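Read through the structure below, which is laid out as structure tokens, and then see the notes.
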Amino acid sequence: MVLFVVLVSILCLGLILVFDTGQSVNKKVQLVNSADAAAYSVAVQQARTLNFAAYMNRGRVANEVAVAQLVSIWSWTNYLHTHTALFIEALSWLKYIPYVGAIFAAMEAAYKVVEVVVGGVRTVYRPLAATAIQLLDGLNGLLAGAARTFVRWGGIEAAQIAKDVLQKNDPTAEIDATGWVVLAQQLRNAASDGPNSFLQKHDVPGRKRRTAGMDRYRNVVMESRDHFSADRSQRNSLFIISFPANGGTDMVDYDRWAAVDILRMKINLPWPLSDINIPLGWGGAQAVENTSPRPKFFPGIRAGGRSGRGNGWRAYYHNRRPTYRQYGGATNWIAKRMAETQPSVNLYKPFPYRNITQRTYTKRNDAYFTGYQGLRDYDDVRKGFAENPDANNDKAGPIFSVYVTSDRRNARTSQDINGIGGPAGSDMELKSNVNKISAISTAQVYFNRAPYSALFRRMVPRRWNGRPSSDDQLEMGNLFSPYWQARLVETPNSVYTKVGIGSLVTGP
């Protein structure tokens, strides 16, 4: 009988131990799942923040291209209006040539009609373009502020998300003070622009100064121009006579768009005679903050050559022809002499100025759109980070660890349920020395543009107006492409040390 009682007691004790173990494991699994959900939610929020900043930056680039288009159209209409006035003057004399004078007279009449139309278009276009440029520039200021605000202060929302997700998954769990300190440090490192932080802030330098970060931003904008804005050059020839037209719009400084257009007649003479160049039209336009002092058109953009200091502009993706001349090649003496001094149909008086019937906006300063502030400061990924999505450390992207705890009694073991186990204070009472049950989980934000997906494949033209071709190169993380994602990763040993527990797994 005694043996039976002992056996039953042992069986009961074993059942209680199995019950306690099951309850503890169940609570531990619940905590781990809750920590996973909270950490992943924080990473998703941070990935969305970076993607939002990327969308804002892409919007700013699109608006800059729109400003370039508006400046391009004004420069081109200035050039066309100048061309009509010059040709009307020339035809007014050529029509007196016997036999062919009637042809020149008919051309003069046609050109006068064109002059009236172009002059009317210019009269309507300029105030609309000036307003649009200021609106686009102001919108870029708002987009820059929105991106900066979300990146800098998104950690506050992330912390609240971690708390809310944790409470919805396990109301008994909480992030203690140590866990909040670790998470706050990680959120701060992800959003700040310190010397070792994930992001780097690029400020617009003072006038006439350049920085690598702002050169990169300008290069992204220049690469994004449409063909009309980038290069309006055409070449028509008849035997030894050609009519080359050159024009283009460049971001000369970080706060200035400049455009020049010219048309000339070139007579190619044999050596040793020099070719003859006759100007047939010219024009220019700029978007600037103010005209005090009035910015010049030349030498133009100086970012060409491998050193980045030569004349012209270097396109890093155009391997066959990486360096382009300023203004689409409108850099000869005609452009430098005529377009520089007479950019807005401000021609010599009395002629050919007398041939202009629509004389609105024919002063030199009318070539300038004022109130344009140019590129703003921006954030981008610091060099050395997010260069490979398969990296097994925090260099692939910022990590976020959520350390959660719960009171042991929330596991509802025999110690906490009346009627199970030994009486309180008796020798049979099962006591646990553990007061808290804890779990930790880590998630990471990383950049990965799907290289083999038709929807996300990189298509890069190798020259202006060229056909875009597939580019299978790995795109490194940046804040111009919205391909930031989230994933759960192994918690580094350094994080275990910070929260005061031993590493449960081997890892960095």
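Computed from the coordinates by the stated procedures, all read-outs in this text should not be read as laboratory data. Keep in mind that this is a model prediction, so the values were computed, not measured. Cβ coordinates were reconstructed from backbone atoms using ideal geometry, including for glycine residues, and neighbour counts include every protein chain displayed.
Highest average first, the peptides 116-124, 90-98, 396-404 ordered by how many other beta carbon atoms sit within 10 Å of their residues are 396-404, 116-124, 90-98. Here's the list of aspartates and glutamates a cross-link from residue 95 could span, going by alpha-carbon distance under 20 Å and ignoring same-chain residues fewer than 8 apart: 108, 115. The dipole here belongs to the range 219-370: it is taken about the Cα centre, uses +1 on the Cβ of Lys and Arg and -1 on the Cβ of Asp and Glu, and is about 340 debye.
The packing ranking of peptides 333-343, 201-211, 125-135, 50-60, highest mean first, is 50-60, 333-343, 125-135, 201-211, where packing means the average number of other beta carbon atoms within 10 angstrom of each residue. Starting from the Cα gyration tensor of the range 87-230, take the square roots of the eigenvalues, sort them a ≥ b ≥ c, and report rounded, prolate or oblate (rounded when a/c is under 1.5, otherwise prolate if a/b is larger than b/c, else oblate). Prolate, because a/c is 1.5 or more and a/b exceeds b/c. The listed peptides 475-484, 64-73, ordered by packing as a protection proxy, come out as 64-73, 475-484 (highest mean of other Cβ atoms within 10 Å first). Couplings 3J(HN,Hα) for the range 227-235, derived from phi with the Karplus relation 6.51 cos²θ - 1.76 cosθ + 1.60 (θ = phi - 60°), are 5, 4, 6, 6, 7, 9, 6, 9, 9 Hz, where x marks Gly and Pro.
Ordering 75, 237 by the number of other Cβ atoms within 10 Å of each residue's own Cβ, fewest first, gives 237, 75. Counting only residues at least eight positions apart within a chain, or on another chain, the lysines with an alpha carbon under 28 Å from that of residue 336 are 112, 208, 266, 296, 349, 363.
Here the residues 180, 74, ranked from fewest to most Cβ neighbours within 10 Å of their Cβ, fall in the order 180, 74.
If the reach is capped at under 19 angstrom between alpha carbons, list the lysines near residue 163, excluding any in the same chain fewer than eight residues apart. By straight Cα distance, residue 163 reaches 27, 28, 436.
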